[in-house]
Amino acid sequence: MSIDYHERIPNNVELGSSRALQRALEHWQPHFIDWWKEMGPTAFGNADVYLRTATAVDAAGWASYGMVKMPDYRWGIFLAEPVPDRRIGFGDALGEPVWQQVPGEHRSTLRRLIVTQGDTEPASVEQQRQLGQTCPSLYDLRNLYQINVEEGRHLWAMVYLLHAYFGRDGREEAEELLTRHSGDPDKPRILGTFNEPIADWLSFFMFTYFTDRDGRYQLKSLAESAFDPLSRTCRFMLTEEAYHMFVGASGITRVIKRTLEAMKALGGDDPAAVRNAGAIDLYPTARAE
Ligand SMILES: [Fe+2]
Ligand SMILES: [Fe+2]
């Protein structure tokens, strides 16, 4: 199933067949763009950036690559293909067919899970918004923006679920996802770690190594959800998430390699000397003193 890019909102969920849902999401779309311009990357908004864009959900080739201005990125709604006769894997409803609608008794729990997941996605874009100003290389800059636009798409993924399955309170939650902001004393993001500033690239690599990895396990467990649309959404998000962790792992690898080179050249591991040589020392500050 490929994606119709003539639609205002690219999607593989047959959005056109539900006018009310389509209209509601088209109403949310400009709010999202305003949020991106106000809270997204602070630099290069008008520059062409080489970016991956999701264009299908099959393993054979799900993305296209090209130069895009970030605010013109085609954020779309993509669910992985349904698994035929998928059954609930655990719990009280073990073995029963998965749910295509939200059961009343699980509505508030599911909404909370989706809102919390959705909240982290734009939160990370906000945390990282200044990093483009200090990127170590063009390669790193491109990776940063790739991750930023895809976290934006993950917000779309959760907002779609809220709009499609949670009625009026879902739409209200979708608006709230754009009004809470990372580190805002009055309206902070839901999870503590998403309110911490990420002001330097070592923090960014640590974030993509550890926090995105934590997020990956979160997505993997949501991919097992008995609520099938949530499962299918998260399965596709995992496809994009793999690259985020590659950025973290390869980033930390490069940092440590540089440290080891400096230590070798210096013939020691004195933290001040290592830092003077332009590398990051291995010891936490407390130990170095
Ligand atoms: Fe994400
Ligand atoms: Fe991510």
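The values are calculated or read from the model by the stated rules, or taken from the named source; none is laboratory data. What you see is a predicted model, and the numbers here were worked out from it, not measured in a lab. Heads up, the Cβs are rebuilt from the backbone with ideal geometry, glycines too, and the neighbour counts pull from every protein chain shown. Accessible surface areas use protein heavy atoms only, side chains included; no ligands, DNA or RNA. Shrake-Rupley method; radii C 1.70, N 1.55, O 1.52, S 1.80 Å.
Residues that are surrounded by 14 or more Cβ atoms within 10 Å (Cβ to Cβ) and of a type in the set (Val, Ile, Thr) within region 245-279 comprise Val247, Ile252, Val255, Thr259, Val274, listed in sequence order.
From the list Trp201, Trp156, Trp99, the lone residue that is under 14 Å from the mean Cα position of the chain (by Cα) and of a type in the set (A, V, I, L, M, F, W, C) is Trp156. Out of all the residues in region 116-129, is one or more open to solvent by 30 Å² or more (accessible area, probe 1.4 Å) and away from ligand 2 (no atom under 16 Å from the Cβ)? Among the residues of region 116-129, not one is open to solvent by 30 Å² or more (accessible area, probe 1.4 Å) and away from ligand 2 (no atom under 16 Å from the Cβ), which makes the answer no. Take Arg171 and tell me if it is over 21 Å from Val68 (Cβ atoms), at pLDDT 95 or above and more than 15 Å from the chain's Cα centre (by Cα). Answer is yes for this residue. Residues in region 45-87 that are hydroxyl-bearing (Ser, Thr, Tyr) and part of a loop (DSSP other than H, G, I, E, B): Thr55, Tyr73.
Residue count for region 215-241 satisfying the condition of being open to solvent by 50 Å² or more (accessible area, probe 1.4 Å), within 11 Å of ligand 1 (Cβ to nearest atom) and without any contact (Cβ under 8 Å) to a residue 60 or more places away in the chain: 1.
Residues of region 3-26 that are surrounded by fewer than 19 Cβ atoms within 10 Å (Cβ to Cβ), assigned to a loop (DSSP other than H, G, I, E, B) and at pLDDT 90 or above: Glu14, Ser18. Condition first: away from ligand 2 (no atom under 14 Å from the Cβ) and in contact with a Gly (Cβ under 8 Å, 6 or more places away or on another chain). Now tell me which residues in region 130-154 satisfy that. Answer for region 130-154, where residues must be away from ligand 2 (no atom under 14 Å from the Cβ) and in contact with a Gly (Cβ under 8 Å, 6 or more places away or on another chain): Asp140, Leu141.
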